[in-house]
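Colleague: Here it is: the structure, laid out below.
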Amino acid sequence: MIKFFRHIRKKLLAEGKTTNYLKYAIGEIVLVVIGILIALSVNNWNQKNKEQKLGKDYLVRIHRDLVQDTISFRKIITSNNALREDIKSLMDTLYQGVHNIDQVKYMGSIYDKALDQVFSPNDNTYKGMISSGTLGLIQNLELKEEIVDLYSEYDQKRALFTGIGQWMITVATAETIQTDFIKFNDGVSDIFTKPEMLNENDFSFLNDKNDPRFKIFVKAISATAFNQSASNGYYLELINSCNTVLQYIEQELKN
């Protein structure tokens, strides 16, 4: 094709048809420009389709993450509700009187579970989009704002969980320093192999409501109850926020 056009140009010049040659040259330039514009248009169209597909793929992944999070959050709430009943049972046992080491060990297992509140959501997809600069692939601006707001709420809740966790460490440290209750923890009690190492004297303070150690222990248990209650409140708020964004995503994926 290039040889064909070159032949035409040479022929026009050889025949002295300068005007025709100029017209032809301009026409050829116009054709080249049109070709370039068409190629750019096709390339832009392909790129736009590729970005739209990638944006929807990200939305599918975020949707999957949020579904997993809501399931996980509900399980934690259910577990915390059951744990609260265990804490009530612990308090009943404590105020009715502790009679043997097995009771104390059971109380210790409840106390350990109540201390454990770790916020671990599935936010890797969103973090990856932020770090790679691909958040702009979500073309629905309203939806993008909802997603950004949700993960900002995640960060806020993470900070709250961290703050409560640090407070619980302080509470648990004070209880551990001033009482021997840690000796009855499942991860510790097996090292006390002789009766003189672990006996009723180690938990006698639990039967003396006037003992300062008893009061410290009650405060520690009360703190775990607050920890569990506050956590449930945070998770309920997150579930509601997740459900809102899930509805937005589902609507966008239908379009």
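Colleague: Report the net charge of residues surrounding residue 67, where surrounding means a beta-carbon distance below 14 angstrom and charges are Lys +1, Arg +1, Asp -1, Glu -1.
Modeller: Details: positive: 61, 64, 74, 75; negative: 65, 69, 123, 250.
Counting the neighbours of residue 67, the net charge comes to 0.
Colleague: From the residues 136, 120, 150, which one has its Cα farthest along the dipole of segment 100-153 in the positive direction, the dipole being from +1 and -1 charges on Cβ of Lys/Arg and Asp/Glu about the Cα centre?
Modeller: Going by the Cα projections, it comes out as 120.
Colleague: Between residue 75 and residue 208, what is the label-to-label distance in nm when each label sits 7 Å out along the Cα-to-Cβ direction?
Modeller: 4.5 nm
Colleague: Taking 0.36 nm per residue of separation and subtracting the Cα-Cα distance, what length does fully extending residue 244 through residue 188 add?
Modeller: Here the segment from residue 244 to residue 188 would lengthen by 15.6 nm.
Colleague: Sort the following peptides by mean Cβ neighbour count (other Cβ atoms within 10 Å, averaged over residues), highest first: 105-118, 176-189, 122-135. Provide the component values of the computation, followed by the final result.
Modeller: On the way: 105-118: 17.7, 176-189: 15.6, 122-135: 13.9.
Peptide ranking by packing, descending: 105-118, 176-189, 122-135.
Colleague: Would you kindly state how much longer the chain becomes between residue 36 and residue 99 on full extension, computed as 0.36 nm times their sequence separation minus their alpha carbon distance, in nm to one decimal?
Modeller: Numbers: separation 63, 0.36 × 63 = 22.68 nm, distance 8.98 nm.
Roughly 13.7 nm would be gained on extension.
Colleague: Whole Å is fine, so just give me how far the alpha carbon centre of segment 202-219 lies from that of segment 95-118.
Modeller: 13 Å
Colleague: In what sequence, largest accessible area first, do 241, 229 appear using a 1.4 Å probe?
Modeller: The ordering from most to least exposed comes out as 229, 241.
Colleague: Roughly what would the spin-label model give for residue 134 and residue 84, points 7 Å off Cα along C-beta, in nm?
Modeller: Each label point is offset 7 Å from its Cα along the Cβ direction, giving 4.1 nm.
The values are calculated or read from the model by the stated rules, or taken from the named source; none is laboratory data. Not measured: the values here are computed from a predicted model. Cβ coordinates were reconstructed from backbone atoms using ideal geometry, including for glycine residues, and neighbour counts include every protein chain displayed. These accessible areas exclude ligands, DNA and RNA; they are computed on the full protein's heavy atoms, side chains included. Shrake-Rupley method; radii C 1.70, N 1.55, O 1.52, S 1.80 Å.
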